[in-house]
Amino acid sequence: MKVPCEVDLLRVFVGEQQKFEGRPVYEAIVEAARDRGLMGATVLRGTLGYGAHCKLHTAKVLMLSEDLPMVVEIVDTAPRIAKFIPLIEKMNHKGLITLEKIKIVAYNCGLEEED
């Protein structure tokens with residue numbers, strides 16, 4: 001599979017308890033990315049973090065939070081990511097969204113490369 005080397009990495013920071021249409025925001029984002037055929041998406045659960053309100057969220061036993069930080073990372077070409085961002089903004093009106101250029105050095109997805 002031929003993969004573009006220069007792509008965008010979209011990061012969406014949300015709370016574990018944030019909902020969109022009754023579902024976790026992070027889940028809705030990943031499913032929307034898959035439905036639109038974006039290259040890939042991953043959800044990472046944070047063990048410690050804080051956001052705009054400076055409230056500490058932690059997975060420590062003595063201070064267990066019910067709203068751990070979650071980060072959704074999505075990789076694809078710049079035009080496809082740009083087209084996807086308005087949907088993310090609609091789903092995630094409370095969270096932080098970042099975007100950066102990255103370079104893919106390997107992508108072994110099990111498909112044979114076409115010439």
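The values are calculated or read from the model by the stated rules, or taken from the named source; none is laboratory data. Because the structure is predicted, anything quoted here is derived from the model rather than measured. Note that we place each Cβ from the backbone using ideal geometry, even for glycine, and neighbour counts take in every protein chain shown.
Taking the criterion of being closer than 11 Å to residue 94 by Cβ, among the charged types (D, E, K, R) and not in a strand (DSSP E or B), no residue of region 12-28 qualifies. Looking across region 40-88, the residues that are farther than 12 Å from residue 29 by Cα, surrounded by 15 or more Cβ atoms within 10 Å (Cβ to Cβ), at pLDDT 95 or above and of a type in the set (A, V, I, L, M, F, W, C) come down to 75, 81. Per the conditions (1) part of a strand (DSSP E or B); (2) at pLDDT below 95; (3) among the hydrophobic types (A, V, I, L, M, F, W, C), the sole criterion not satisfied by residue 9 is (2). Residue pairs whose Cβ atoms lie under 7 Å apart, sitting 6 or more positions apart in sequence or on different chains, and linking a residue in region 70-82 that is farther than 11 Å from residue 5 by Cα to a partner that is assigned to a strand (DSSP E or B) and of a type in the set (Lys, Arg), are 70/45; 71/11; 73/11.
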